[in-house]
Each structure stands twice: as C-alpha cells, then as structure tokens.
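For reference, the structure discussed in these notes is given below.
The values are calculated or read from the model by the stated rules, or taken from the named source; none is laboratory data. Quick caveat, the model's predicted, so the values are computed rather than measured. Note that we place each Cβ from the backbone using ideal geometry, even for glycine, and neighbour counts take in every protein chain shown.
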Amino acid sequence: MPKTNPKAVIAGWGHTQFGRLEDQDTESLVLSAGRMALEHAGLPPCELEGIWLGQFEAGLDVGSFHSSLALGIDPAMRFIPATRCENACASGSAAIYAARNAIAAGEVKTALVIGVEKMTHRSTKEVAACLARAAYAKEEGNLSFPQIFAEFAKAYFAEYGDCSDALAHIAAKNHRNALDNPLAHMRKDVGFAFCNTLSEKNPVIADPLRLTDCSLVTDGAAALVLVADDMRHAFPQAVEFRAAVQVNDFLPMSRRKLTDFAGPTKAIKDACTAAGVDSKDLDFAEVHDCFTIAELLIYEAMGLAPKGQGRKAIDEGVVMADGSLPVNRSGGLKAKGHPVGATGVSMHVMAAKQLTGQAGDLQLPGAELGLVFNMGGSAVANYASILQPVA
Ligand code: COA
C-alpha cells in the first residue's frame, strides 16, 4: 500500500522572483524566501523547530554546505537543526517530504522548507556539466540532460510517430501561461509557430528537441512553513497533503523502457489511489516539464490519454488554462523557470496559492484539488503530492 500520512499541513509560503538574478546569490535567495514564508505563515522564528533545504548544487555554486544559511534569517533561529536534501531536480520535494516525515514522527511540530538554486552565473556549458551529474555516469556520462531527454523523444517518436508539433504546442502553452505569473523567469508569448519552426533563435539543442522544448536555466528560491495538523486552526490558509508518494526507479536508463515512464506513472497512480481520487477529479496540476517531451509523457502517466496518445490532452484543450485540467498554469519549468533545487518547493507554493485563492492573475476558479509532480533525473526520483485546502 502506498504510504500516506497527512500529519503535516502547509501553513505559509514564500517565493522569490525567478530569473537571471545577477544581484542575488544562494544566501540572499535562501534568506529572502525563508523570511517571506515565515511572515506569510505568521510563525515567529523562535517557534521554528527544524529546517530542511532542497538544493541540487553539484558544482553549480561555490561550496555545498548551505543548510545553516537559513539561520541567518533571525538570531532566534540559532541552534535549530538544519539539513540539506539532494535528489537531483526533485531536491525541493525531497526536503518537503523529509520535513513531513519529521512532523509525522513527532520529532518537530514546525518546519521551514526552502528550495534554492543559483545557476545563471555559470555558462550554459558549465551548467550542463553540473546537471549531467544526475545521470548514471558509467553509461550516460557523456550525455547532457537535453541529450538524455532527446533519447525519450526519439524512443517516443519511433514507437508512436513524430509529434514535434505537439511538443511545440506544450511549449507555447506554458510560455503563454507565464505571462500571468509575475514571478516567472520569461514572460513572452512566443507562440506556436515560433516553437514549431527551426530558426536561428530556435535551434536544435539535442535532436529532436529544440531550444523551445527545453526548460530555462534560472536562479530562484521558494519556501514553505509546515506545521503539525493539530496546529492547523491557527493558520486560516492551511493546505493539506491528501497524498504524498515517492517512487524511485533504477538509475541506468538501460534498465528501463523509456516510453513507459514507469516511475512517474507509479508515483501519480499511487498518489491518486492513496487520496481516493481519479485524475479526472483534479482541478489543476503543476508538473515537471523539464523538457516538453516530459510533459507529454506525464499526460499519459496521469491517465489523461492512453499510451502514445498524450497529444490528445493538448490537442483537445484539456490542459490549457481554460481547459478541464489546466497543467502548469504557472508557466512550468519551461517559462516560470527551473532553478533545480527550488522547483519542487515552487510547485507546492503555486498549488497552495491556487487552493487558497491567492494565485492572483493565475487563479483558476473552483480550484480545490491539485496535483504536484516533481521529478529528479531521467524519471528516477518521482514525487507526487495531492493537495487540498484544510476543511
Ligand atoms: N527556452 C526559451 N528561450 C530560451 C531558453 C529556453 N530554454 N534558453 C534561452 N532562451 C532564450 C534567451 O532568453 C535568449 O533570448 P534573446 O536572444 O531574445 O535574449 C536566447 O534564447 C539565447 O539565450 P542563451 O542563454 O544564449 O541560450 P543558450 O543556448 O546558452 O541555452 C539552452 C539554451 C536550451 C541550452 C538552455 O536553456 C538549457 O540548457 N536548458 C536546459 C536546462 C536543463 O537541462 N535543466 C535540467 C532539466 S532536467
């Protein structure tokens, strides 16, 4: 049976601007997102009992021992246990789940979770080399992440036919969605024709993936305050986990049939089972579109379309902002940006905002049940949360 332990609730959140933030470093991002979350929750720093930091790092920054940076938020936070969690691009969710577990175990009653990544001070080549550390070095050591997800696209196209146009529709949708998100890295309605046409501005990055099929290299941080559910009444905007499931698959791609997308499929299915819901019951989803082919495969993992027919979800408008199940209303990793360690936390923040009517121009009417799906590596570390407002 999948594990569910809805004993931690989200009590508040913070989110920095995502983008190329030249005047910010890891420390300033951590402090700013952490402060915002504590203030939003209304939790005095002296009442905090644990801190979890999600950061991939892997050579992106100078040093990696960043767990204690958050103590700089307030002198009252000195001596609070703080731990850094790493699970590639799902490091943010790894931090959230670790904090949930500590609350469920009764170790702490309050927790601050921060996800952060500083990336844009490195060249694209250096970023690619750091991110490649999330692959199975013995077999995939010479591949960048665009090349890794190009393997998924090639396998999909070989089995089901070329659907580059569906990938372009996904990119255009997420870019369009980000126009309404003031925190997004890129707010430009690039349009389907641009995404679907090779050009000097939209070259092939790793055949068949074009620049517009890739997520952005981004700086940013996001944070959540979690509290034990017997404290929920003190937090009127509280959001609860109806399910939270982690599934890890074999690291080597050679041990998996890529088009099965087995880890994400199992995580999402188990989360729906644990929550007692069908994906059709969801009002929205924030999912891991590190590359457009990943979002297409996630449609199938969610059961929105049979295998090989994921494009139906976008062709028929289901996942559009005005569809029956909007996917990545925030702009997703594609346009909101993908500061890798921050992404899982950012997705939970975006979902919590939707569920409490605090999403501003992104607000979806009647949003009561949301899925967050965050993925580390090539569909290796998979985290699926189903969130709802506290009744
Ligand atoms: N999507 C859309 N536009 C992008 C973009 C992206 N992913 N990356 C860059 N751009 C735009 C820039 O805004 C810039 O536009 P401008 O000329 O109007 O100012 C232009 O493209 C060139 O930007 P630049 O930074 O020089 O691009 P680049 O060639 O160095 O990098 C990628 C492009 C796709 C290689 C880079 O974004 C990348 O590596 N993405 C994937 C990151 C990744 O692997 N993450 C982990 C996933 S698991």
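Just a few scattered comments:
- Of the residues making up the range 107-145, just one is of a type in the set (Val, Ile, Thr), more than 9 Å from the ligand (Cβ to nearest atom) and assigned to a loop (DSSP other than H, G, I, E, B), namely 108.
- Test result for residue 121, farther than 30 Å from residue 10 by Cβ and out of contact with any Ser or Thr (no Cβ under 9 Å at 6 or more places or on another chain): yes
- Qualifying residue in the range 364-386 (condition: farther than 24 Å from residue 246 by Cα, at pLDDT 95 or above and assigned to a helix (DSSP H, G or I)): no
- Matching residues, the range 243-262, being more than 15 Å from residue 155 (Cβ to Cβ), crowded, with 19+ Cβ neighbours inside 10 Å and either of a type in the set (Lys, Arg) or out of contact with any Phe, Trp or Tyr (no Cβ under 6 Å at 6 or more places or on another chain) (or both): 243, 244, 245, 247, 249
- Check on residue 94, within 16 Å of the ligand (Cβ to nearest atom) and within 26 Å of residue 237 (Cβ to Cβ): yes
- Only one of 366, 323, 357 that is without any contact (Cβ under 8 Å) to a residue 60 or more places away in the chain and out of contact with any helix residue (DSSP H, G or I) (no Cβ under 9 Å at 6 or more places or on another chain): 357
- Selected residue [in a loop (DSSP other than H, G, I, E, B) and either within 16 Å of the ligand (Cβ to nearest atom) or surrounded by fewer than 17 Cβ atoms within 10 Å (Cβ to Cβ) (or both)] from 337, 341: 337
- If you go through the range 284-334 and keep only what is assigned to a helix (DSSP H, G or I) and among the charged types (D, E, K, R), you end up with 295, 300, 311, 312, 315, 334.
- For residue 198, the conditions (1) touching a helix residue (DSSP H, G or I) at 6+ places or on another chain (Cβ under 9 Å); (2) within 16 Å of the ligand (Cβ to nearest atom) all hold with the exception of (1).
- Meets criteria (under 23 Å from the mean Cα position of the chain (by Cα), more than 9 Å from the ligand (Cβ to nearest atom) and within 27 Å of residue 18 (Cα to Cα)) for residue 193: no
Each row is one residue, and each column tells you yes or no for (1) among the β-branched types (Val, Ile, Thr); (2) in a strand (DSSP E or B); (3) farther than 29 Å from residue 87 by Cα; (4) without any contact (Cβ under 8 Å) to a residue 60 or more places away in the chain.
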site: 176; (1), (2), (3), (4): no, no, yes, no
site: 181; (1), (2), (3), (4): no, no, no, no
site: 205; (1), (2), (3), (4): yes, yes, no, yes
site: 217; (1), (2), (3), (4): yes, no, no, no
site: 221; (1), (2), (3), (4): no, yes, no, no
site: 236; (1), (2), (3), (4): no, no, yes, yes
site: 243; (1), (2), (3), (4): no, yes, no, no
site: 246; (1), (2), (3), (4): no, yes, no, no
site: 254; (1), (2), (3), (4): no, no, no, no
